[in-house]
Amino acid sequence: MTAAAETTPSPYSDAPPAHWLSTRPRLIVASAFMLFLELALIRWTGSNIVHLSYFTNFVLLGSFLGIGLGFLRVGRTTRQPYYSPIVLAVLVVVILLFPVTVDRQTEGVLYWTSLGTHGPPPWLILPVIFAAAAVVLMGPAELVGRCFPELDRLEAYRYDLIGSLTGIGLFTALSFLSAPPVVWGAIAALAYTVLLRPRRLWGRIALVVPSLVVVGALAVETLTAGALWSPYYKVTYKRFEHDGVPVMDIQVNGIPHQQAIPAANRLEWERQYALPYERAAARKLDDVLIVGAGSGTDVAIALSKGAKHVDAVEIDPKLRELGGTYHPDKPYDDPRVTTVVTDGRAFLERTSKKYDLILFALPDSLTLVAGASSLRLESYLFTQQAMEAAREHLKPGGTFSMYNYYRESWLVDRLASTMQAAFGHKPCVDIVSETGQQAVITAGLDARAQSCGEEWAGATADTPPPTGDDRPFLYLKDRTIPRIYIITLGLILIVSMLAVRAVAGPYTRMRPYTDLFLLGVAFLLLETKSVTGFALLFGTTWVVNAIVFAGVLVAVLAAVEVTRRFRTPPLPVMYGVLLGGLLLAWLVPNSWLLSLPLPLRAVAAVAVAFLPIFAANVVFAKRFADSGDATVAFGANLLGAMVGGCLEYAALVIGYQGLLIVAGVLYLGAFVLLPRAARTA
């Protein structure tokens, strides 16, 4: 669509002769809003629909589909996309009226959302959310796409990237400030108003009414739920007394998470909390490390056992804040306690301190790392390499222990065999309760440092092997993709194909850009490998995640600027550089990077991870610059990214390092499908 086409509005459109914002700032605002809205949807839907705590990629895939469709709609209509705020309002109301939460009274442990839940079943609510996310994001994408024909291709892409960086920066700042969703909704309403600029009465109604519904509904949620919004969760809590004992019950994203109870009562009610101290032969507690300190009960127990100093590591600042304010024992006020808000594995890799006891205290995040379909916040805590790192931080005679409700006996045996592989001898395994497989697993620095009750029988033929940093999927018993994922992803791809045909017309429009489609598939895999790699090297915290996503966009922007301003090698040469970068990333082991001092590790990790990302985007920029139809070419690339989001589940079988091989094959396919004119230019 050209600028001239906009000057002749359809009688059915609300498009004025010209936008009050010129093309470049309008493109930046629209792109920033598009990414901000995507992040907000992923975060907010997951906080109210428990299934999305484990299927965050579901909303991401819907967003990719919607963004791709939005670009493909450009030139096919001049109507303003008022459908986007309307569907957003409907989605917000439906989720608030029919949230999916876990029943606190249900026995068992959360494992692939297996607990009894209140609300619509997953087969009903998840397709609704997927479709709504696609339609909502299609609107801002259409507004972004309308700016592309008015600018040089790479210049338009440049401002799109600047807008994306702005959107990430804004959402990161709001996360840092713990801003509630009503603020996100107000920003969305403002962005819709700025971009849609309604002039006619029906247009104003189509914008104002949904905006008021969204902001009003989110305001009611904020005021009535009593929620704290951490960078990871929607945290709600209740304080009450049970038989005269003060209790603070904490839920995250509608899931029962932990309780703050006086140490004496917790030790009386549940034996598992005392066992790590009983299994330590030396009974020396000069220095204790607790990973997953949460609201402070485990810290209070360590102090009650005589610990002289406790390093309390907790990834979520709001859980730590609640414990500091309301825990009956006030453990965080004790001068013997030092609090560190970070990822437990990252702390182990950075600290040089040694401990008499290292305790993993029910570290179950109940959520996934954004941008990684199967990586949980605590995934890198339970690998053999993580337990070896814990062993390296034990003093002579020290012990390492973990406890939780593991649900499955094979899971207890897997963790015990992982500990055995890391420590070189059998650990103590105490099954406190067969219900939920409540267990404590303890290993001394050597066999003499531990004092077991009954000897662990050892791994059985049913016990899966220990997990490693490349496949840190503790809860996946077999090296396979669960059937629920295969069915869901298959349905997503079928629905997406039908949606593309219905919205964008014949597939022949995208046929000349099949190589760009494959570039999108491969790049999403490359991005996933970067996110998971940096999570291992520097922690699964939201700060690291935000920096990595911003770093990827900066690398892409740098590739665009280099392509715009300098003479770059021809595409065959750049494909060679790209494949060389992939080979380098595949050859450099994470274990070597982890062995480097932190500053040197950061430099090496950035060089290894971002070389192929930079080369891939020089390839894309050169190819995109010569495309015949900018919006169709860009849309094809975005739809490829959606397929890449489905394909990243292959990591469950081949590991994250294996994704580099798949990406390499896809890039070779893109080179083979490269038009002859582009290859020889």
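The values are calculated or read from the model by the stated rules, or taken from the named source; none is laboratory data. Just so we're clear, the structure is a prediction, and the values are computed from it rather than from any experiment. Don't worry about glycine lacking a Cβ; one is built from the backbone with ideal geometry, like all the others, and counts go over all protein chains shown. These area figures cover heavy atoms from the full protein model, side chains too; ligands, DNA and RNA do not enter into them. Shrake-Rupley method; radii C 1.70, N 1.55, O 1.52, S 1.80 Å.
Out of the residues in region 496-510 that are touching a residue at least 12 places away in the same chain (Cβ under 8 Å), among the hydrophobic types (A, V, I, L, M, F, W, C) and in a helix (DSSP H, G or I), state the one that is surrounded by the fewest Cβ atoms within 10 Å (Cβ to Cβ). So, considering only residues that are touching a residue at least 12 places away in the same chain (Cβ under 8 Å), among the hydrophobic types (A, V, I, L, M, F, W, C) and in a helix (DSSP H, G or I), the one surrounded by the fewest Cβ atoms within 10 Å (Cβ to Cβ) is Val503. The listed residues are Leu223, Leu218, Leu207, and the only one of them that is open to solvent by 30 Å² or more (accessible area, probe 1.4 Å) and among the aliphatic types (A, V, I, L, M) turns out to be Leu223. Taking Val548 as meeting all but one of (1) touching a Leu at 6+ places or on another chain (Cβ under 8 Å); (2) closer than 24 Å to Ile168 by Cβ; (3) surrounded by 19 or more Cβ atoms within 10 Å (Cβ to Cβ), write down the number of the exception. So the condition that Val548 fails would be (1).
Of all residues in region 56-97, those satisfying the criterion of being at pLDDT 90 or above and assigned to a loop (DSSP other than H, G, I, E, B) are Gln80, Pro81, Tyr82. The single condition from (1) open to solvent by 20 Å² or more (accessible area, probe 1.4 Å); (2) modelled with pLDDT under 90 that Leu39 fails is (2).
Only one entry in Ala443, Ala439, Ala422 is small (Gly, Ala, Ser), touching a His at 6+ places or on another chain (Cβ under 8 Å) and closer than 20 Å to Met387 by Cα, namely Ala443. It is to be established whether one or more residues within region 438-456 are under 30 Å from Leu489 (Cα atoms), open to solvent by 30 Å² or more (accessible area, probe 1.4 Å) and not in a loop (DSSP other than H, G, I, E, B). Within region 438-456, none of the residues are under 30 Å from Leu489 (Cα atoms), open to solvent by 30 Å² or more (accessible area, probe 1.4 Å) and not in a loop (DSSP other than H, G, I, E, B). Residues considered: Leu536, Leu582. Of these, the only one that is among the aliphatic types (A, V, I, L, M) and either in contact with a Lys or Arg (Cβ under 7 Å, 6 or more places away or on another chain) or modelled with pLDDT under 95 (or both) is Leu536. Here's a check for you: in region 12-28, which residue that is in contact with a helix residue (DSSP H, G or I) (Cβ under 7 Å, 6 or more places away or on another chain), surrounded by fewer than 21 Cβ atoms within 10 Å (Cβ to Cβ) and at pLDDT 90 or above is nearest to Leu201 (Cα to Cα)? Among those that are in contact with a helix residue (DSSP H, G or I) (Cβ under 7 Å, 6 or more places away or on another chain), surrounded by fewer than 21 Cβ atoms within 10 Å (Cβ to Cβ) and at pLDDT 90 or above, it is Thr23. Against the test of being outside any loop (DSSP other than H, G, I, E, B), among the aromatic types (Phe, Trp, Tyr) and either surrounded by fewer than 21 Cβ atoms within 10 Å (Cβ to Cβ) or modelled with pLDDT under 90 (or both), the options Tyr485, Tyr513 yield a single qualifying residue, Tyr485. Open to solvent by 60 Å² or more (accessible area, probe 1.4 Å) and at pLDDT below 95, is that true of Thr467? So Thr467 fails the test.
Restricting region 174-199 to residues that are part of a helix (DSSP H, G or I) and open to solvent by 40 Å² or more (accessible area, probe 1.4 Å), the residue that is modelled with the lowest pLDDT is Phe176.
Of the residues making up region 116-173, those that are open to solvent by 20 Å² or more (accessible area, probe 1.4 Å), acidic (Asp, Glu) and assigned to a helix (DSSP H, G or I) number 2.
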